[in-house]
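What follows is a short report on a single structure.
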Amino acid sequence: MSLSRFPGKVVVIHFVILVCCSYSALEVYYMEEIEASVKDNVAFLSIALDSPYNYYSPEEFRKIMEFNWTLALDFEGTVTRLYEAEETSTFVIDREGFIRYRDDKMTDAETLSAWLEKVM
């Protein structure tokens, strides 16, 4: 998966573990809150990490969480290492491909909305 798949869009990358009672699940809900208002300009991408805390398969997680954006698998850790991401990392990447914001804790909808407003 490459950022070139999203030309002209701001990209939100969220690293997630496949469990529905964690920060990862809350962040998916926060992303869903704002997705409808920005979907023409922003691409959302969740990347599943290989974690001992993974409880669900990617298909089960997507079905339970009911989100429509891409859920990519990084069970070998290649992308995770590239971004030096943690289990709860969220990145906002501008249209030119530069990381504008990074949060390694839980990113709430208000914060994510404010970041997106600044880069759109």
Review point. For the chain, with the dipole built from +1 on Lys and Arg beta-carbon atoms and -1 on Asp and Glu ones, taken about the Cα centre, which of ILE17, ASN54, SER37 lies farthest toward the positive end?
Key: SER37
Exercise for review: For the stretch 7-119, give the magnitude of the charge dipole about the Cα centre (Cβ charges: +1 Lys/Arg, -1 Asp/Glu; no others), in debye to the nearest 20.
Suggested key: 260 debye
Exercise for review: Determine which residues of the stretch 19-40 fall in the zone a paramagnetic label at TYR56 would reach in this model, i.e. backbone nitrogen under 17 Å from the point 7 Å along Cα→Cβ.
Suggested key: 19-33
Practice item. Kindly write out, for the stretch 101-106 in residue order, the coupling ³J(HN,Hα) from the Karplus curve 6.51 cos²θ - 1.76 cosθ + 1.60 (θ = phi - 60°), rounded to whole Hz, with x marking Gly and Pro. Key: 9, 9, 9, 9, 10, 6
Check your understanding: Where a Cα-Cα gap under 23 Å defines reach, which lysines qualify for LYS105, not counting those fewer than 8 residues away within the same chain?
Key -> LYS118
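Antiparallel DSSP bridges in the stretch 7-119: what percent, to the nearest 5?
On the way: 8 of 20 bridges.
Around 40 percent antiparallel, to the nearest 5.
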Check your understanding: What's the center-to-center distance, using Cα atoms, between the stretch 49-84 and the stretch 95-120 in Å?
Key -> 20 Å
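We did not get these values from a lab; they are worked out from the coordinates using the rules stated. Quick caveat, the model's predicted, so the values are computed rather than measured. Positions of Cβ are generated from backbone atoms using ideal geometry, with glycine treated the same way; all protein chains shown enter the neighbour counts.
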